[in-house]
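Here the structure comes first, spelled out in structure tokens, and everything after it is commentary.
Read-outs throughout are calculated quantities, based only on the coordinates presented, and are distinct from any laboratory measurement. Everything quoted here is computed from the prediction, not taken from an experiment. All Cβ positions, glycine included, derive from the backbone under ideal geometry; neighbour counts span all protein chains shown.
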2 protein chains.
Amino acid sequence: MERLDIDLGARSYPILIGPGLLGDAALLSQSIRARDLMLVSNVTVAPLWGPRLRAGLAGLRLAECILPDGEAHKTLATASRVLDALVEARLNRDCAVLALGGGVVGDIAGFAAACYQRGVDFVQLPTTLLAQVDSSVGGKTGVDHPGGKNLIGAFHQPVAVIADTDTLGTLPDRELAAGIAEVIKYGLVGDGDFLSWIESNLDRLLARDPGALVHAIRRSCECKAAIVSRDELEQGERALLNLGHTFGHAIETGAGYGHWLHGEAVAAGMAMAAEMSRRLGWLGAADVARVRELLGRAGLPVDPPRFGRERMLGLMRMDKKVKAGRIRLVLLERLGRAICTADYPDEALEQMLDDLVGGADA
Amino acid sequence: MERLDIDLGARSYPILIGPGLLGDAALLSQSIRARDLMLVSNVTVAPLWGPRLRAGLAGLRLAECILPDGEAHKTLATASRVLDALVEARLNRDCAVLALGGGVVGDIAGFAAACYQRGVDFVQLPTTLLAQVDSSVGGKTGVDHPGGKNLIGAFHQPVAVIADTDTLGTLPDRELAAGIAEVIKYGLVGDGDFLSWIESNLDRLLARDPGALVHAIRRSCECKAAIVSRDELEQGERALLNLGHTFGHAIETGAGYGHWLHGEAVAAGMAMAAEMSRRLGWLGAADVARVRELLGRAGLPVDPPRFGRERMLGLMRMDKKVKAGRIRLVLLERLGRAICTADYPDEALEQMLDDLVGGADA
């Protein structure tokens with residue numbers, strides 16, 4: 001088992017990575033202080049991994065709330081169902097909410113935990129690669145609004161992240177690829193060596209080689225932990241982890257939640273960010289080709305839907321990084337180094353959107 | 001104008017108290033950094049004080065969300081309406097939510113501000129005595145659940161509390177009395193001298209003497225500011241401000257939200273806490289009589305509804321102070337000194353409930 005620690009003072013917590021963790025009663029008992037638990041999962045994951053977890057939690061008081069599967073259900077109404085279940089089970093402030101599933105389950109359950117009695121303990125038990133490398137770490141929780149992704153939410157750190165890598169064995173190929181998109185993001189944002197490692201080991205990742213997966217998870221979490229420890233509430237540097245997300249969230253919202261997986265939209269968004277960076281003179285054409293090739297090899301989309309420029313801009317304006325009406329973009333100064341900037345010519349963005357998603361009249 | 005400061009490091013903020021503040025453009029501009037605003041109010045308060053505030057905010061971008069009036073509407077569904085309005089107005093993370101109204105408006109608007117884009121600025125503009133002395137200060141926000149009061153919420157501090165005391169002129173008598181209940185609470189919890197002052201000046205408060213009201217507001221906010229500064233997230237001492245609230249919330253929930261005003265339920269709850277304290281040998285019969293007389297003189301109820309003991313206990317068990325299944329009570333060691341304790345004989349509580357709300361079979 002690998003262990004990493006997120007250093008946030010009184011809100012510090014461990015990330016535990018390895019096989020068999022969901023059934024490890026001693027580990028679970030050590031990581032979860034509460035004795036009254038609410039398990040939140042979905043109809044796909046609960047039958048697969050619920051039995052192992054229930055065995056690991058034998059002896060504790062365990063209520064359950066099983067949600068429908070998919071981003072289309074990441075709504076305030078679904079979070080409200082979790083809150084109803086907490087009240088119905090008569091759980092008090094000393095309970096813990098456990099999220100068993102991917103990013104959607106973690107985001108909803110974490111938001112419910114943040115709101116219930118103004119905040120109860122929360123444990124992430126991520127079962128997708130995307131959740132294990134990214135969404136379960138860092139305390140961002142929330143739900144979507146028809147007007148935009150993750151517009152309703154809270155910063156609420158988990159008390160532990162327990163990533164049982166056995167769960168990746170039951171993950172559909174498309175979900176695995178979506179997780180690899182976020183792994184590639186960590187290489188692009190801040191670690192050129194890791195990017196090279198991913199390029200050399202992509203086939204092992206796609207073949208679900210346990211050693212390669214554990215390394216990718218650990219290195220991604222290390223990158224995220226370092227940034228989150230320095231900027232928990234996204235006042236600055238943390239925004240870099242949003243590489244590809246301004247474009248990606250617009251794609252997800254515009255296409256209707258659930259049609260694009262989050263990681264797929266981020267992949268196309270990263271390709272757009274690379275192209276924009278090229279147009280600003282920071283990346284060369286070969287860099288952009290390298291990004292697109294890596295994403296393509298992973299089976300990820302690199303081109304956005306043809307929404308048309310104005311619709312795309314409208315969707316992007318609901319981004320949480322917008323300040324004083326101006327869209328801030330996370331771009332690449334070079335491969336392995338991202339910046340967040342509002343200092344770009346409007347025409348460059350408009351021209352790129354004309355070329356990639358269609359012009360004003362598309 | 002009086003000014004007090006809540007000292008919470010990066011989350012510090014001023015409380016401004018005085019007449020005419022809602023129309024003071026310079027003061028508002030200084031206190032509210034955002035330029036894009038969402039005014040949240042209700043159908044009763046908006047027509048009375050909206051015009052003064054709008055004049056004070058002339059030149060800023062101001063969207064509005066006007067809610068129905070009353071505790072029965074303090075629900076997740078109503079908070080969701082505020083969130084919809086924020087998205088519809090296309091407000092970004094650099095906006096501010098303004099709450100113009102009493103405790104219900106402040107709690108809902110504050111919760112929406114806490115959740116929108118994971119937290120935007122929030123300004124309290126309390127227009128009831130209860131909100132000016134208590135609910136607008138300290139960052140507790142939230143909504144009710146059919147299963148219990150304030151079960152869904154967040155700690156989210158305002159950037160400013162601006163209490164225009166002119167608004168107390170349009171307050172119904174019953175609402176004024178409900179606010180006085182919380183003023184009396186501050187005397188009982190931590191300041192025997194203030195309690196004596198209230199006894200001597202109750203008639204002036206009931207006659208809405210501006211000087212007496214400003215003193216009562218300032219002194220109450222001082223008490224609260226001191227405690228909140230030491231215990232923002234209610235890990236300990238802050239629970240003392242819940243005197244009368246464990247019984248009071250049970251009364252509000254059991255009677256159906258909106259039938260008892262919050263301050264009325266707290267008044268009856270404080271009388272119950274005093275009686276319980278007498279049964280534990282801490283207060284004398286004369287102390288209890290003194291509490292009941294003061295509350296009664298203010299026009300407040302001192303007896304709970306006859307719910308029956310078991311129903312009352314069931315309602316009390318959803319209290320946020322419950323720990324390891326045990327109801328913790330805020331009681332009085334003497335008038336002017338409260339403690340929060342789980343160390344009482346169950347029989348004493350049960351016997352008191354038998355006497356005051358009816359026995360197990362009531």
>> At a 10 angstrom cut-off on C-beta neighbours, averaged per residue, how do the peptides B:58-66, A:249-257, A:129-137, A:292-300 rank from highest to lowest?
In response: A:129-137, A:249-257, A:292-300, B:58-66
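What does the structure give for B:309-318 when I average, per residue, the other chain Cβ atoms found within 10 Å of the residue Cβ?
1
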>> Skipping prolines and chain starts, which residues have an amide H placed within reach, meaning under 5 Å, of the one on residue B:42, given they are 5 or more residues away or on another chain?
In response: B:67
> Which chain A residue comes nearest the axis with its C-beta when you rotate A onto B, and by how many angstrom?
Replying inline: A:154, 3
>> Please compute the modelled spin-label separation between residue B:259 and residue A:173, points set 7 Å along Cα→Cβ, answer in nm with one decimal.
In response: 6.2 nm
>> Connecting C-alpha atoms closer than 10 Å in a GNM of chain B, tell me which of B:74, B:149, B:320 has the biggest fluctuation.
In response: B:320
>> Largest first, please: the extent of the C-alpha atoms of the protein assembly as shown along each principal axis, to the nearest Å.
In response: 85, 62, 35
>> Using a label point 7 Å beyond Cα on the Cα-Cβ vector, give me the inter-copy distances for residue A:310 in nanometres, one decimal, shortest first.
In response: 6.7
> Can you give the mean number of other chain Cβ atoms that lie within 10 Å of the Cβ atoms in peptide B:114-122?
Replying inline: 6
> What nm distance separates the two modelled labels at residue A:48 and residue A:207, each placed 7 Å from Cα along Cα→Cβ?
Replying inline: 2.2 nm
>> Roughly how far apart, in whole Å, are the Cα centres of segment B:20-66 and segment A:257-327?
In response: 39 Å
>> Label position 7 Å from Cα toward Cβ: report the copy-to-copy distances for residue B:339 in nm, one decimal, ordered from shortest.
In response: 6.1
> To the nearest 0.05, what FRET efficiency results for residue A:334 and residue A:30 with a Förster distance of 51 Å applied to their C-beta separation?
Replying inline: 0.75
> So between residue B:303 and residue B:230, what do we pick up on full extension, going 0.36 nm a residue minus the alpha carbon distance?
Replying inline: 23.0 nm
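After finding the eigenvalues of the alpha carbon gyration tensor for chain B, what semi-axes result from the square roots of 5 times each, listed largest first in whole Å? Walk me through the intermediate numbers first.
Details: eigenvalues 229, 98, 63 Å².
With the √(5λ) rule applied to chain B, the semi-axes are 34, 22, 18 Å.
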> Got a sec to turn the phi values of segment A:208-218 into Karplus ³J(HN,Hα) couplings, 6.51 cos²θ - 1.76 cosθ + 1.60 with θ = phi - 60°, whole Hz, x for Gly and Pro?
Replying inline: 6, 5, x, x, 5, 5, 4, 5, 5, 5, 4
> Using 1/(1 + (r/R0)^6) with R0 = 60 angstrom and r between the beta carbons of residue B:343 and residue A:342, what's the FRET efficiency to the nearest 0.05?
Replying inline: 0.55
> Is there a simple number for the mean count of other chain Cβ atoms within 10 Å of the Cβ of residues in A:320-326, and what is it?
Replying inline: 4
>> 5 Å is the cut-off here: which amide hydrogens, built 1.01 Å from N in the peptide plane, fall below it relative to residue A:308, excluding neighbours closer than 5 in sequence?
In response: A:358
> How many percent of all Cα-Cα pairs in segment A:188-357 sit more than 21 Å apart?
Replying inline: 48 percent
> residue A:10 label points, 7 Å along Cα→Cβ, one per copy: pairwise distances from this copy to the rest in nm, shortest first?
Replying inline: 1.5
>> Ranking request for peptides B:214-222, A:230-238: highest mean number of other beta-carbon atoms within 10 Å first, then the rest in descending order.
In response: B:214-222, A:230-238
>> If each residue of separation counts as 0.36 nm, what is the full-extension length gain between residue A:61 and residue A:90 once their alpha-carbon separation is subtracted?
In response: 9.3 nm
> What angle do you read, to the nearest 10 degrees and between 0 and 90, between the alpha-carbon axis of helix B:285-297 and the longest principal axis of chain B?
Replying inline: 40 degrees
